[in-house]
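Remarks on the structure that follows.
None of the figures in this text is laboratory data; all of them are computed from the coordinates on show. Given the structure is predicted, the values throughout are model-derived calculations rather than measurements. As a convention, Cβ positions derive from the backbone with ideal geometry for all residues, glycine included, and neighbour counts pool all protein chains shown.
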């Protein structure tokens, strides 16, 4: 257990569905991240939130919509996804003030888009 | 693009030391080297990190060369549960953010 939880752990959705991924951290961190991990590809950083403010969006399509209501919770809202969006979606958190900040990851949500 | 180069796969006998190499010849002076591992279909697990000096914790040791162009992660007594993909990562500064630049890692198989 890393102190970062993600729900659901597995999700199957059609291209017309709307779903949300949830992440919660119990580490007192102030930065949270969404990553995408596709088969045979490195982890791709999608979004960064620092003190609830979005500080990075790595050219992610608008069908992915993040939300960070407070420093402990992070959501990824999904709508009209494509089959190529099937991947492992990972949430991470860190303490931004520390120069040696370390990111701690949740277990991920395995998403399959049909 | 990843700033690190790792062998795609390695084998190690159970109980022996596993030495995982990593090249990061373009690393800058203020960029840290981080190691994570990922057991199949789970989230990456933090192992250790360092800047210049060698580091040791309860999981592993990190040996960084004096010129900082390469490093080695050492698992002193590998067990079957250490079978995983090991990522050597350089943390770079991008504006106000610090980013982990991931590669494809080394798939370590610990054999009985």
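Ordered by the number of other Cβ atoms lying within 10 Å of each residue's own Cβ, fewest first, B:89, B:47, B:27 fall into the sequence B:47, B:27, B:89. Look at the stretch B:31-43: the mean tally of other chain Cβ atoms within 10 Å of its residues' Cβ atoms is 3.
Taking other Cβ atoms within 10 Å as a rough exposure proxy, A:79, B:24, B:49, B:77 sort from fewest to most as B:77, A:79, B:49, B:24. If R0 equals 22 Å, the separation of the Cβ atoms of residue A:27 and residue B:96 corresponds to a calculated FRET efficiency of about 0.55.
Projected label points at residue B:40 and residue A:80, each 7 Å from Cα along the beta carbon direction, are separated by 3.8 nanometres. Across every direction, the projection of the convex hull enclosing the Cα atoms of the protein assembly as shown has a mean area of 12.2 nm². Quick one: Cα centre-to-centre distance for segment B:34-73 and segment A:98-114, in angstrom? The two parts, judged by their Cα centres, are 18 Å apart. With the simple spin-label model, which puts each label point 7 Å out from Cα in the Cβ direction, the residue A:9 to residue A:114 separation comes to 2.1 nm.
Looking at chain B only, what percent of DSSP beta bridges run antiparallel? Nearest 5 please.
In chain B, approximately 85 percent of DSSP beta bridges are antiparallel ones.
With a 10 Å cut-off around each Cβ of B:104-110, the average count of Cβ atoms from other chains is 1. Rounded to the nearest angstrom and listed largest first, the equivalent-ellipsoid semi-axes of chain A from its Cα gyration tensor are 23, 14, 13.
Spacing of the modelled spin labels on residue A:44 and residue B:13, each 7 Å from Cα toward Cβ, amounts to 4.3 nm. For the residues of A:32-43, the average number of beta carbons from a partner chain within 10 Å of their own beta carbon is 3. Exposure proxy ranking for B:65, A:16, based on other Cβ atoms within 10 angstrom of each Cβ and starting from the fewest, stands as A:16, B:65. Of the residues A:68, A:91, A:23, the one that moves most in a GNM of chain A with alpha-carbon contacts below 10 Å is A:68. Where Rh is the Kirkwood radius over the Cα pairs of segment A:16-71, the temperature 20 °C and the viscosity 1.002 mPa s, what D in µm²/s does Stokes-Einstein return? Using the Kirkwood radius from Cα pairs, D works out to 170 µm²/s.
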